[in-house]
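A.B. asks: Can you keep this structure in mind? I'll have questions shortly.
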Amino acid sequence: MDKAADNGYKIIGKPTPLIDSRAKVMGQALYTDDIRLHNPLTIKILRSPHPSANILSVDITAALALPGVRGVLTGADFKNTFGVLTISKDEPALARTVVRYEGEPVAAVAAETAEIADKAVELIKVDYQLTDGVFDSRRALKATDHPLHPELGRENNLHKKVLQEFGDIDQGFEQADVVVEKRFRFASINHAFTEPHATQVEIDNRGNITVYSATQVPHYLHMAMAEVLEIPEHRIRIIKPHLGGGFGGKSDPFPHEMIAARFALDLGRNVKLKFSREDVFFSHHGRHQTDLTMKLGFCKEKGITALTLDTLIDGGAYGSFGIVTTYYNGVLLQGPYKVPNFRFHVNRLYTNKPMCGAMRGHGGVNPRFASEVLLDMACAECDLDPAETRLRFILKENTLTTNEFRVTSVGLQNGLREAMKRTDWQRKYGKLPFGKGIGVACGFFISGSALPIHWNKLPASTVRITLDHDGGVTVYSGASDIGQGSDTMLAQMAAEVLGQPMDNVKVISADTRITPVDLGSYSSRVTFMAGNASRNAAIRMRRLLVEAACELLDMTPPEYDKPDKPEDYFRQGGRKPDFDQGFLGPNPDYADGFIFEDGLIRSERHNASVTWLEAIEKALEFQGILQTSGTYRAPKMGGKFKGAGAGLSPSYSFTAFIVEVTVDPETGFIKVDKATCAHDCGFPLNPLAVNGQIEGCIHMGLGQALMEEMVYDNGATQNPSFLEYKIPSAFEQPVVDIVPTYSDDSEGPFGAKEAGEGILAPVIPAIANAVYDAVGIRLTQLPMRPDRVLSALARKKKTREKKTRKKKKEAKR
């Protein structure tokens, strides 16, 4: 069914190639390191060879004396620490008196060539005093006289502790027909993005700097850089060129960005810096290593009656997004099913390892694995079909979760039913030959965080649109296209509202000098928030053109009435735009009695029209410039308890996976044969892009499920390259079947919700549940390597033999 055609859309809902796709496949797209500044110096960083040490001295004399070296920086050159979260600014640009992880930047060199810079780095002499490190999160909880961050005033290495409880836990477990409990362990994993970190800085003759950097958060980088460099923000311009993948791994301000900018300011020269792949692994910021114990109570008639988890997450040396991660490890379990009695306790610990931060599905992936495996176990003990059971207990739309998340739209039931039909679930589940299995799991994720990282009253996103005298539309947004296609989405918003073809819309994004503020590409926020802002800016522009057309046609312009009050708390979108306010409202109805199409602006009532260019020319007579802005603000919602804002979102996506696997009992090798996905993203603005996100999430989920893990030995990274850090290739990618899954979200732009992160989490437990169906083992540690499969099979065999012997003994009696 063509939903776009049903709604009368010309652009929205149609498979649309990304506007930068041709440039990328033709090799014309410029990534950060492709930019050619005039005569730049090359920067190289000296990294600590130790995970834990005091810095007694740094001798840069020989390095400075080397011909071609123009400058050397050490920790003494930076006064302020920084961090993406205002409450966790604990990272220095260069280590000052201590190093906290192997690979931490200690000094940096700027030289005329890369070869000279490398030589100069070798000439820097650092006198270290080795200290005892902490490399395990459980040990990090213990008291110590030397915590990694003594400024916190704690006697251990706890960074953040969160404990939340809702309902009556004891009563919930008493109501359960079955209670299941397991301990789970998850390795830290890396984003493995294609483009390594890179930064170039250009300085003008007035001392202003333009920073080209591979970043997901130009606005936050701009703010952090001004603070670290101690210069006004107006002297800094951040530009994100094309970006070769981020997945959360470029959503922090980074030390190398501060180092490059400092060199440019101090030396008055352009500079450039690019990481090696080893540097990327040392910097890390990947998914946290996690140890959790989860307990789930289940009733055949009521579903989940109680859920508790106790979790330790290993944050590494610094904060990054860790406080948010700590909350997300618990709160995102409030869907996709009702959990009336819920308690979670999460501790994030500092250790002497590279820091962890945000990664696709931020904070929700590991606990989702645990909860979906336990739910499968409960179904097995109750002799219930796990897919049919999930169907019964999926959240209803227009409801509040136990912790007061507002769930506005849910289309997952239809999607999961269709997935079951397509996979022939009823015939396959529990009935396939040994070694073949099928499994199911579901998930739930935010469509952007309703609360900003930096507390202020600014809109969550602002978009500006200009119209040129030649009819061209230009969209300006601070949002970062990191490969997910947000620039295309912004163009689609304007094109649909203004009735223009896509090739008449240009997008300028992620340039802090000329684009309005957007908070960045993280937490799956861009489509919902920047999309609404772009749509609203286009609606304001549409009004200007309608008024110009009426002037030309000697007609009275339409009256724009004030919007009615929201239908209810759960459906606040789709009303008339409020032109008297800065924010028109979420997804407003812009019907005005005119049709914009085929280069004409036509009055439906009078069947009279003017051309697009005629209306523009008349509108320019009024103002001389055609420029509008649109914003997005999240509605007021959430509870009043501490931490109520964590995980709060204007809308949530829902996902179901049915996965089919083959398990070789001789080798322990798991092959994922097919993945069928039903992802409720509301109304898909661009099905081509949505399908690409689904396929990418499956690929990334396969990696965490089966092979990816960061390996450390007393803090030392053992696999800092793609030769040693295994990621799936195209050969591991299964057959993918995507089930169109719609829901009616009144507040998303044209009804859209997120489709970038929430898809990832449930594919991993669906694989684990399929493995159980195939060979009868429950795997509780990721990745599910062949050796772990063989060990589990051996334990199962031993247990079976023990039971057989016991039965024989009882029979003899």
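A.B. asks: Identify, by number, the condition in (1) in a helix (DSSP H, G or I); (2) open to solvent by less than 10 Å² (accessible area, probe 1.4 Å); (3) over 20 Å from THR628 (Cβ atoms) that THR527 doesn't meet.
C.D. replies: Of the numbered conditions (1) in a helix (DSSP H, G or I); (2) open to solvent by less than 10 Å² (accessible area, probe 1.4 Å); (3) over 20 Å from THR628 (Cβ atoms), the odd one out for THR527 is (2).
A.B. asks: In the range 679-694, is there at least one residue being surrounded by fewer than 20 Cβ atoms within 10 Å (Cβ to Cβ), touching a Gly at 6+ places or on another chain (Cβ under 8 Å) and over 26 Å from MET502 (Cα atoms)?
C.D. replies: No, there is no match, as no residue in the range 679-694 is surrounded by fewer than 20 Cβ atoms within 10 Å (Cβ to Cβ), touching a Gly at 6+ places or on another chain (Cβ under 8 Å) and over 26 Å from MET502 (Cα atoms).
A.B. asks: Looking only at the range 234-275, which residues are out of contact with any helix residue (DSSP H, G or I) (no Cβ under 7 Å at 6 or more places or on another chain) and either in a helix (DSSP H, G or I) or free of Cβ contacts under 8 Å to residues at least 24 places away in the same chain (or both)?
C.D. replies: Of everything in the range 234-275, those that are out of contact with any helix residue (DSSP H, G or I) (no Cβ under 7 Å at 6 or more places or on another chain) and either in a helix (DSSP H, G or I) or free of Cβ contacts under 8 Å to residues at least 24 places away in the same chain (or both) turn out to be HIS234, ARG235, PRO255, HIS256, ILE259, ALA260, PHE263, ALA264, ASP266, LEU267.
Every residue, every condition in (1) among the charged types (D, E, K, R); (2) closer than 30 Å to LYS636 by Cα; (3) open to solvent by 10 Å² or more (accessible area, probe 1.4 Å); (4) assigned by TED's automatic domain parsing to the domain that holds LYS89, yes or no:
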| position | (1), (2), (3), (4) |
| --- | --- |
| VAL365 | no, yes, no, no |
| PHE369 | no, no, no, no |
| LEU374 | no, no, no, no |
| ALA378 | no, no, no, no |
| ALA387 | no, no, no, no |
| PHE393 | no, yes, yes, no |
| GLU404 | yes, yes, yes, no |
| ASP424 | yes, no, yes, no |
| PHE434 | no, no, yes, no |
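A.B. asks: Give me the strands (runs of 3 or more DSSP E) completely within the range 1-107, filtered to those with at least 3 residues that are over 23 Å from ALA260 (Cβ atoms) and open to solvent by 40 Å² or more (accessible area, probe 1.4 Å), ordered by residue number. If you could, list the steps in order and put the result at the bottom.
C.D. replies: Details: elements: 41-47, 53-59, 69-74.
Filter on the range 1-107 gives 53-59.
So that you can scan it fast, the table gives a plain yes or no per residue for (1) open to solvent by 70 Å² or more (accessible area, probe 1.4 Å); (2) more than 29 Å from LEU685 (Cα to Cα); (3) out of contact with any strand residue (DSSP E or B) (no Cβ under 9 Å at 6 or more places or on another chain):
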position	(1), (2), (3)
LEU723	yes, yes, yes
GLN733	no, no, no
ALA766	no, no, no
ILE777	no, yes, no
ARG788	no, yes, no
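A.B. asks: Ok, one more. Here is a list of conditions, (1) touching a helix residue (DSSP H, G or I) at 6+ places or on another chain (Cβ under 6 Å); (2) among the basic types (Lys, Arg); (3) surrounded by fewer than 18 Cβ atoms within 10 Å (Cβ to Cβ), and ARG535 meets all of them except one; can you say which number that is?
C.D. replies: (3) is the only condition that ARG535 fails.
A.B. asks: If you go through the range 636-672, how many residues are over 29 Å from ASP737 (Cα atoms), surrounded by fewer than 17 Cβ atoms within 10 Å (Cβ to Cβ) and in contact with an Asp or Glu (Cβ under 8 Å, 6 or more places away or on another chain)?
C.D. replies: The qualifying residues number 1.
A.B. asks: Then there's this: Would you check if ILE323 is under 23 Å from GLY645 (Cα atoms), open to solvent by 10 Å² or more (accessible area, probe 1.4 Å) and among the hydrophobic types (A, V, I, L, M, F, W, C)?
C.D. replies: Considered against the rule, which asks whether it is under 23 Å from GLY645 (Cα atoms), open to solvent by 10 Å² or more (accessible area, probe 1.4 Å) and among the hydrophobic types (A, V, I, L, M, F, W, C), ILE323 comes out as yes.
A.B. asks: Restricting the range 183-220 to residues that are open to solvent by 10 Å² or more (accessible area, probe 1.4 Å) and small (Gly, Ala, Ser), which is nearest to the chain's Cα centre (by Cα)?
C.D. replies: Taking the range 183-220 and keeping what is open to solvent by 10 Å² or more (accessible area, probe 1.4 Å), we get 183, 185, 187, 192, 194-196, 202-208, 210, 212, 219.
Adding the requirement that they be small (Gly, Ala, Ser) leaves 187, 192, 207.
Details: ALA187: 19, ALA192: 14, GLY207: 35 Å.
Among residues in the range 183-220 that are open to solvent by 10 Å² or more (accessible area, probe 1.4 Å) and small (Gly, Ala, Ser), the one nearest to the chain's Cα centre (by Cα) is ALA192.
The rows are residues; the columns are (1) free of Cβ contacts under 8 Å to residues at least 60 places away in the same chain; (2) open to solvent by 70 Å² or more (accessible area, probe 1.4 Å); (3) within 22 Å of SER534 (Cα to Cα); (4) in a loop (DSSP other than H, G, I, E, B).
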position: LYS576; (1), (2), (3), (4): yes, yes, yes, yes
position: LEU584; (1), (2), (3), (4): yes, no, yes, yes
position: PRO588; (1), (2), (3), (4): yes, no, yes, yes
position: VAL610; (1), (2), (3), (4): no, no, no, no
position: LEU613; (1), (2), (3), (4): no, yes, yes, no
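A.B. asks: Out of curiosity, is PHE282 in contact with a Ser or Thr (Cβ under 9 Å, 6 or more places away or on another chain), among the aromatic types (Phe, Trp, Tyr) and open to solvent by 10 Å² or more (accessible area, probe 1.4 Å)?
C.D. replies: yes
A.B. asks: I'd like the residue in the range 697-717 that is in contact with an Asp or Glu (Cβ under 7 Å, 6 or more places away or on another chain) and open to solvent by 10 Å² or more (accessible area, probe 1.4 Å) and, out of all such residues, is farthest from ILE658 (Cα to Cα).
C.D. replies: Among residues in the range 697-717 that are in contact with an Asp or Glu (Cβ under 7 Å, 6 or more places away or on another chain) and open to solvent by 10 Å² or more (accessible area, probe 1.4 Å), the one farthest from ILE658 (Cα to Cα) is ALA716.
A.B. asks: Does at least one position in the range 694-709 carry a residue that is in contact (Cβ under 8 Å) with a residue 24 or more places away in the chain, assigned by TED's automatic domain parsing to the domain that holds LYS421 and closer than 30 Å to LEU130 by Cα?
C.D. replies: Looking only at the range 694-709, we keep the residues that are in contact (Cβ under 8 Å) with a residue 24 or more places away in the chain, and these are 694-695, 697-709.
Still in the list and also assigned by TED's automatic domain parsing to the domain that holds LYS421: 694-695, 697-709.
Filter once more, keeping what is closer than 30 Å to LEU130 by Cα: 709.
Yes, the range 694-709 contains at least one residue that is in contact (Cβ under 8 Å) with a residue 24 or more places away in the chain, assigned by TED's automatic domain parsing to the domain that holds LYS421 and closer than 30 Å to LEU130 by Cα.
The values are calculated or read from the model by the stated rules, or taken from the named source; none is laboratory data. For clarity, every value in this text was computed on a predicted model and none was experimentally measured. Please note: Cβ atoms are built from the backbone with ideal geometry, for glycine as well, and neighbour counts cover all protein chains shown. Accessible surface areas use protein heavy atoms only, side chains included; no ligands, DNA or RNA. Shrake-Rupley method; radii C 1.70, N 1.55, O 1.52, S 1.80 Å.
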